[in-house]
Amino acid sequence: MTINWLFWLGGGLLGLAGLWLCYWAMFADRAKGRKRCPKCWYNMQAAENLRCPECGKTVKTKRKLQKTRRRWRWAFVSMFLWLGSFSLELTPTVRKDGWKSIFPTVVLIAAVGYSDNEWVFNTLTDRIAERNSSYQSSFMYVDEDALEDWQWRFLAKNCKRSLQKHRSEDRRKQVLWLLEQVPPYTETIAETLIKVIAEDNSRFSLEAMQTLWRLHDRDRLSSSDREATVLAILEIWGEKYTHHFHNEAAFYLVQFDPQSRIVFKTLRATAQTDDIRVRRGILTALSEFESGDPQATSFFQSLLSEEDIWSRMMALSYLTRDPKQYILCLPLLEKGLDDPNMGARSHSVQLLGSMGKAAAAMLPKLEILRKDENEFVRDEAQKAIDLIEKSITEGSIEADSP
Ligand SMILES: [Zn+2]
């Protein structure tokens, strides 16, 4: 902006004027040896006693007659000049980046701990991240250098304070998001998040698990953090009954500890429910349990004869991760290729692809599915064929090499 210098110059002059006015009002009229009445400033040079002949004020000592005259009203006026000066100086910044930009980042961080104000959070988010559409966007790029280490630590502290104080769900979500961005070398945050899991609000509890899971995904949770997270989820497992909660929490449990006996037992027990939504969700989560586990293997084997197609498919998902179970799974997957249910067909195709050359005998059938009526099945069939053929080629190279 070409007129910015006008604002700066004007603001500077106004500031100087304020400074001069303040000096003049407070210090310009010193006694300099004169004796004056401190109330009406009558010259008492000639007076014999301490009583002012003009206004009648009596002072206690002679020294009181030598006070500096201070013009408080003018000093007060000078503050307005300074205010004017500040606003002129800030105007170019506000014109360029909006009025929020004049708040120093450290002020915004401090405000996080004390305020539920939406723009405090949004403005701070804008300063540490490049936003795509909204703060939830996973495409947001967060710059660790946007804040100094001490600022990150300060932010973490204020986020923790905010979690204890504030109730607005939207704001609390933003706090979790901010906490998640705190670089691990500045402040530990897992403990705080784990405490949030125990909150009454089950949606928020899930939100905390999800944040922890993303940290885990980035290798930022220690094994003791993961253990504590699993325990915290198991602690509230029986209390929250919505199928949504159980399905999502089950997923996190297995992700955090895919070998845990207690997780397996708890989930297997919950899967006994008549609620098919819960049962399917739990089995989906459990299919990611550690491969080859004897108890999980026999559990899933027992599911292969279930009537519910989803349960059978999840059982095959788990079992095909263990080559020892291929012989058991192959004929069932072959049957799945003819299933009228498109989901069953595509799932069988995908699992066969994951088995590589062990599924070589299925290639002719997969060729047929390349002309399936469903586009998704056709694509998946092509992918599976590629995977199996690649595995066969690699196998023969291995066999050829000495
Ligand atoms: Zn007087």
Subject >> Contact order relative to length of region 4-97, as percent, for alpha carbon pairs under 8 angstrom and 6 or more apart >> reply: 44
Subject >> Whole-number percent relative contact order across the chain, with pairs defined as alpha carbons under 8 Å at least 6 apart >> reply: 7
Original post:
Once the Cα atoms of helix 309-319 and of the chain are each reduced to a long axis, what angle between those two axes, in degrees from 0 to 90 to the nearest 10, is obtained?
Top reply: 90
Original post:
What is the distance in Å between the Cα centres of region 1-54 and region 342-402?
Top reply: 92
Original post:
With each run of n ≥ 4 DSSP H residues scored as -39500 (n - 2.57), what mean residue ellipticity at 222 nm is computed for the chain after dividing by its residue count and rounding to the nearest 500 deg cm²/dmol?
Top reply: -20000 deg cm²/dmol
Subject >> Reach of Lys390 by Cα under 29 Å, taken over lysines that are not fewer than 8 positions away in the same chain >> reply: Lys324, Lys335, Lys357, Lys365, Lys371
Original post:
Per the Cauchy relation, a quarter of the hull surface: what is the mean projected area of the convex hull of the alpha carbons in the chain, in nm²?
Top reply: 36.3
Original post:
Which whole-number percent is the relative contact order of region 294-402 (Cα, under 8 Å, 6+ apart)?
Top reply: 20
Original post:
With springs only between Cα atoms under 10 Å, which of Pro364, Pro184, Pro53 fluctuates most in a Gaussian network model of the chain?
Top reply: Pro53
Original post:
By how many nm would the segment from Ala47 to His243 grow when fully extended, if each residue of separation counts as 0.36 nm and the alpha-carbon distance is taken off?
Top reply: 61.0 nm
**OP:** Give, rounded to the nearest 20 debye, the magnitude of the charge dipole that region 4-97 has about its Cα centre when Lys and Arg contribute +1 at Cβ and Asp and Glu contribute -1 at Cβ.
**Re:** 880
**OP:** Would you mind listing how long region 4-97 runs along its three principal axes, going by Cα atoms, in whole Å with the largest first?
**Re:** 66, 20, 17
**OP:** Considering the options Gln255, Gly353, Leu193, tell which one lies farthest towards the positive end of the dipole of the chain, charges being +1 on Lys and Arg and -1 on Asp and Glu at the Cβ, about the Cα centre.
**Re:** Leu193
Original post:
Among Leu14, Thr58, Val94, which residue has its Cα positioned farthest towards the positive end of the charge dipole of region 4-97, with +1 placed on the Cβ of Lys and Arg, -1 on the Cβ of Asp and Glu, and the dipole taken about the Cα centre?
Top reply: Thr58
Original post:
What are the lysines whose alpha-carbon lies under 20 Å from the alpha-carbon of Lys265, with same-chain residues fewer than 8 places away excluded?
Top reply: Lys240
**OP:** Treating the angle as unsigned and between 0 and 90°, give the value, to the nearest 10°, between the Cα long axis of helix 375-400 and the longest Cα principal axis of the chain.
**Re:** 70
Subject >> Value in Å of the Kirkwood radius, where region 266-402 supplies the Cα pairs that are averaged >> reply: 15.7
Original post:
Given the options Gly353, Gly238, Gly12, which has the most mean-square fluctuation in a GNM of the chain, springs set between C-alpha atoms less than 10 angstrom apart?
Top reply: Gly12
**OP:** Mind putting a number on the dipole of region 257-402 about its Cα centre? Charges go on the C-beta only, +1 for Lys and Arg and -1 for Asp and Glu, and I need it in Debye to the nearest 20.
**Re:** 300
**OP:** Treat the count of other C-beta atoms within 10 Å as a stand-in for reagent exposure and order Thr188, Thr229, Thr123 from fewest to most.
**Re:** Thr188, Thr123, Thr229
Original post:
Where is the GNM fluctuation largest for the chain (alpha-carbon springs, 10 angstrom cutoff): Phe376, Phe245, Phe256?
Top reply: Phe376
Subject >> Charge dipole magnitude, Cβ of K and R +1, D and E -1 - the chain, Cα centre, debye nearest 20 >> reply: 5440
**OP:** Could you name the lysines whose alpha carbon sits less than 20 Å from that of Lys67, not counting residues in the same chain fewer than 8 places away?
**Re:** Lys32, Lys35, Lys39, Lys57
**OP:** Arrange Met355, Met313 by Cβ neighbour counts within 10 Å, fewest through most, would you?
**Re:** Met355, Met313
**OP:** Give the order of Ile189, Ile276 when sorted by the count of other beta carbons within 10 angstrom, beginning with the fewest.
**Re:** Ile276, Ile189
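The numbers here are math on the coordinates, done by the rules we state, and not lab data. Everything numeric in this text was worked out from a predicted model, so none of it was measured. Using ideal geometry, Cβ is built from the backbone for each residue, glycine included, and neighbour counts are taken over all protein chains shown.
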